[in-house]
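The values are calculated or read from the model by the stated rules, or taken from the named source; none is laboratory data. Quantities reported herein were computed from a predicted structural model and do not represent experimental measurements. Note: ideal-geometry Cβ built from the backbone for every residue, glycine included; neighbour counts use all protein chains shown. Accessible surface areas use protein heavy atoms only, side chains included; no ligands, DNA or RNA. Shrake-Rupley method; radii C 1.70, N 1.55, O 1.52, S 1.80 Å.
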Amino acid sequence: MAESVRVLLTEEEVDKRIKELGEAISRDYQGQTVHLVCVLKGGVFFMCELAKRITVPVTMDFMSASSYGSSTKSSGVVKIVKDLDEPLKDRHVLIVEDIVDSGRTLSYLIKMLGDREPASIKLCTLLDKPERRVTDVKVDYTGFEIPDEFVVGYGLDYDQRYRNLPYIGVVEFN
Ligand code: 5GP
């Protein structure tokens, strides 16, 4: 079966929105250092672009959690593949995710990281599919709300491919 990718959000639209998010975060964290926690692998492209747009001091760390295998369906099981290198105590933590879908991954991570006594913990996601929510999650910064379609690009994969697309697209099977 042949695959093609239909553009959902162009590179220009994504870049413009990330700039706006960076400005909002810089305003909200005035006088503080924001500790960005990137959820690998999908969040890495977004986090790099976002970090460049934040004007308050930034530190960063990386973790890897997985609730998906190679299919497009959530397994509902969250596995910590790689934990953070540094403690979160007294830090202003901003979790940076590629997409919130069912919300299972994020609700698990927020609880787990919240137990490490950060000064604050907030969530920033590039994409949100609110229709798909199973577990309630408070999203503090959202790039785009999108319909219930399986998207790729800007860090998001289909079977580990397409992460490097500079735009967000929908995989179509012809
Ligand atoms: P949740 O736990 O919210 O259901 O799922 C979050 C994770 O599922 C995301 O970090 C991402 O890895 C994956 N995911 C959910 N929706 C999509 C999608 O449309 N495309 C891709 N590539 N991954 C998705």
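Points worth noting:
- The residues on offer are 112, 63, and the sole one that is modelled with pLDDT of 90 or more, in contact with a strand residue (DSSP E or B) (Cβ under 9 Å, 6 or more places away or on another chain), farther than 22 Å from residue 158 by Cβ and assigned to a strand (DSSP E or B) is 63.
- Search result, residues across the stretch 85-103 that are in a loop (DSSP other than H, G, I, E, B) and either open to solvent by less than 20 Å² (accessible area, probe 1.4 Å) or in contact with a helix residue (DSSP H, G or I) (Cβ under 8 Å, 6 or more places away or on another chain) (or both): 88, 101, 102, 103
- Residue check, residue 172 more than 8 Å from the ligand (Cβ to nearest atom), open to solvent by 80 Å² or more (accessible area, probe 1.4 Å), in contact with an Asp or Glu (Cβ under 8 Å, 6 or more places away or on another chain) and of a type outside the set (Val, Ile, Thr): no
- Of all residues making up the stretch 141-154, the number that are part of a loop (DSSP other than H, G, I, E, B) and under 20 Å from residue 44 (Cβ atoms): 3
- A residue that is more than 13 Å from the ligand (Cβ to nearest atom) and within 14 Å of the chain's Cα centre (by Cα) can be found somewhere in the stretch 91-103.
- Of all residues in the stretch 22-60 being in a helix (DSSP H, G or I) and within 16 Å of the ligand (Cβ to nearest atom), the one that is surrounded by the fewest Cβ atoms within 10 Å (Cβ to Cβ): 44
- Exclusive hit being acidic (Asp, Glu) and modelled with pLDDT of 95 or more, set 172, 131, 86: 86
- Among the candidates 127, 106, 123, residue that is within 13 Å of the ligand (Cβ to nearest atom), more than 22 Å from residue 26 (Cβ to Cβ), outside any loop (DSSP other than H, G, I, E, B) and open to solvent by less than 20 Å² (accessible area, probe 1.4 Å): 106
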